[in-house]
Structures are given as C-alpha cells and as structure tokens.
Amino acid sequence: MKGEIVQLWVYLSATPLFGLTATLVAYLAAVKIHEKFGSKPILNPVVIAVIMLVIMLPVTGMDYATYFDGAQFIHFLLGPATVALAVPLYRQMRKLRTVFFPLMSAIVAGIISGGISAVYIAEFLGASIETALSLAPKSVTAPVAMGIAEAIGGLPSLTAILVVTTGVIGAIIGTRLFDLIGCNDDSVKGVAMGVTSHGIGTARAFQVSSEMGAFSGLAMALSALFTSMLLPWLLTLMGYL
C-alpha cells in the first residue's frame, strides 16, 4: 500500500495533474473542516484551502508556475461559473423588477463610497499614491480590478492581494454584520456582499440562500462594469489622475 502511494505521488508530482488534484483535495478538506466546526464564517473554505496550498508549495518544492499548469483548468471554469450565476438570478426576476432602481442606486453608491474612502484612508495613513490607487478597485473581482489598477497607475499585483483580502473579510464578517444591524432582506444583503466582496462574498451568500447569492452575483457583475467606467473619472475629479 505504501509503495502504491509513493508511486502515485511520483506520477502526480511529475504531471500537471498535481496542481489540479492538490487544489481539489485542499478545497474538499477545507469544506469538511468548515462543516465539522459548525460552518462558522471565520472558517471560510476558500481561506483554509488557500492556506493549505500556500503551505504545500514550499514543502513540496514546487514553484507556482508548475502548480498553475495543472490548476489553470479550475481558473478556466471561473468564466462559465460566473455566467451560470444568471440561472438563480433569472428565478428572482419578479423581485428584481420591483427593486431595480434602488438596486442600481445602491451599487453606484457602494462603488463611489468604497473607492473614495479607500483612497482617502490610505493617504491619511501615509500610504504612497501608488498604494492608494491600488486600493481603489479592491472590491471588484480580481481580473477587472487588476486591469483598472494598471490603467490608473496602481500596482496590479498589490491590487490582486487586496482583492482577495477584501473578499475574505467580507465573507467572514458580512453575515454577522447583517445580523447586528437587523438586516433581514436577502436581496439587500446579497447586493451588499456583491458590491463589497465580489466572488468570495458571493460564494458565502449562496451558502445563506439562493436569493442572496443571486443578487450578490448580479451586484458583483454590475459593480465590475460600473467601477471600470466610473472610478477613473472620479479619481480624475479628485485630482489623483
């Protein structure tokens, strides 16, 4: 049995399958841990899986490029998964029609307040202008945020880290915060999660309810669109560009 495991390890570590297998195993283990401890938000499966993989790479001596050769298939699936968010949203079309204008107003308000506050707070705390501009698109899904950061003079690599951190924090404290302020409408909570915590927050929203997840997915998509259009203009008005 031990010899078979060693042979399997040698085979996987020498092929791109290792990255894919390691990612799936890490996430499944993270889900089990999440469920075992009462599905507490702080034990977010994405966070746990990322920690496992970060530890695994130096332990196995594998560089990130080699790992990604196998894991890129999961990266490819992000596109179809995002499109698939339209299915639960379609089931909420009746409610969407009744809250469309308040929803759009909330998304625009969230983009403006989130971007401006991030830049001002970073500058107040002594951050460089590059760091402040890297923070501005932190609440948008990573590929879009990195593109915006590069266009406005930020650091795309720093933005990527900030995007993941923002999503993780939102997923961990979001639902608890809604309870504290007495927010009970899943569509409202979903919009808040999508605008502030993009994909990771949306995944957490689907754990709460399909309605919350559907509205979070919509807010995430519209937030990416509106941020790419509005943020450079806002920063120009503020004198940063």
Checklist entry - Of all residues in the stretch 21-39 being under 12 Å from Phe73 (Cα atoms) and open to solvent by 40 Å² or more (accessible area, probe 1.4 Å), which is farthest from the chain's Cα centre (by Cα)? => result Thr21
Next on the checklist: Would you confirm, using the coordinates I've provided, whether Val195 is of a type in the set (A, V, I, L, M, F, W, C), assigned to a helix (DSSP H, G or I), more than 23 Å from Leu43 (Cα to Cα) and touching a residue at least 40 places away in the same chain (Cβ under 8 Å)?
Outcome noted: no
Checklist outcome for this item: Flagged pairs (Cβ under 9 angstrom, 6 or more apart or on separate chains; first in the stretch 27-55, within 27 Å of Thr66 (Cα to Cα); second assigned to a helix (DSSP H, G or I) and among the aromatic types (Phe, Trp, Tyr)) are Pro45/Tyr27; Val46/Tyr27; Ile48/Tyr27; Ala49/Tyr27; Met52/Tyr27; Leu53/Tyr67
Next on the checklist: If Cys183 satisfies all but one of (1) open to solvent by less than 30 Å² (accessible area, probe 1.4 Å); (2) in a helix (DSSP H, G or I); (3) farther than 17 Å from Ala81 by Cα, what's the number of the condition it fails?
Outcome noted: (2)
Next on the checklist: As an exercise: evaluate Leu96 against (1) under 30 Å from Ser209 (Cβ atoms); (2) under 19 Å from the mean Cα position of the chain (by Cα) and give the number of the one condition it does not meet.
Outcome noted: (2)
Next on the checklist: Just to check your reading of the model, which residue among Val99, Val59, Val163, Val168 is open to solvent by 90 Å² or more (accessible area, probe 1.4 Å) and in a helix (DSSP H, G or I)?
Outcome noted: Val59
Checklist outcome for this item: Just one listed residue, out of Ala65, Ala118, Ala106, is open to solvent by less than 30 Å² (accessible area, probe 1.4 Å), assigned to a helix (DSSP H, G or I) and of a type in the set (A, V, I, L, M, F, W, C), and it is Ala118
Checklist entry - Of the residues that sit in the stretch 206-239 and are assigned to a helix (DSSP H, G or I) and among the polar types (S, T, N, Q), which one is nearest to Thr175 (Cα to Cα)? => result Gln207
Checklist entry - Does Arg97 satisfy the condition of being free of Cβ contacts under 8 Å to residues at least 40 places away in the same chain, farther than 23 Å from Ile148 by Cα and basic (Lys, Arg)? => result yes
Item to check | Of all residues making up the stretch 224-234, the number that are more than 15 Å from Gly147 (Cβ to Cβ) and open to solvent by less than 40 Å² (accessible area, probe 1.4 Å) | outcome: 1
Checklist outcome for this item: Per the filter on the stretch 129-157, residues of a type outside the set (S, T, N, Q), open to solvent by 50 Å² or more (accessible area, probe 1.4 Å) and without any contact (Cβ under 8 Å) to a residue 60 or more places away in the chain are Glu130, Pro143, Met146, Glu150, Leu155
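The values are calculated or read from the model by the stated rules, or taken from the named source; none is laboratory data. Fair warning: this is a prediction, and the values are worked out from it, not measured in the lab. For neighbour counting, all protein chains shown are included, and Cβ atoms are generated from backbone atoms with ideal geometry for every residue, glycine included. Surface areas here come from the heavy atoms of the whole protein model, side chains and all, with no ligands, DNA or RNA. Shrake-Rupley method; radii C 1.70, N 1.55, O 1.52, S 1.80 Å.
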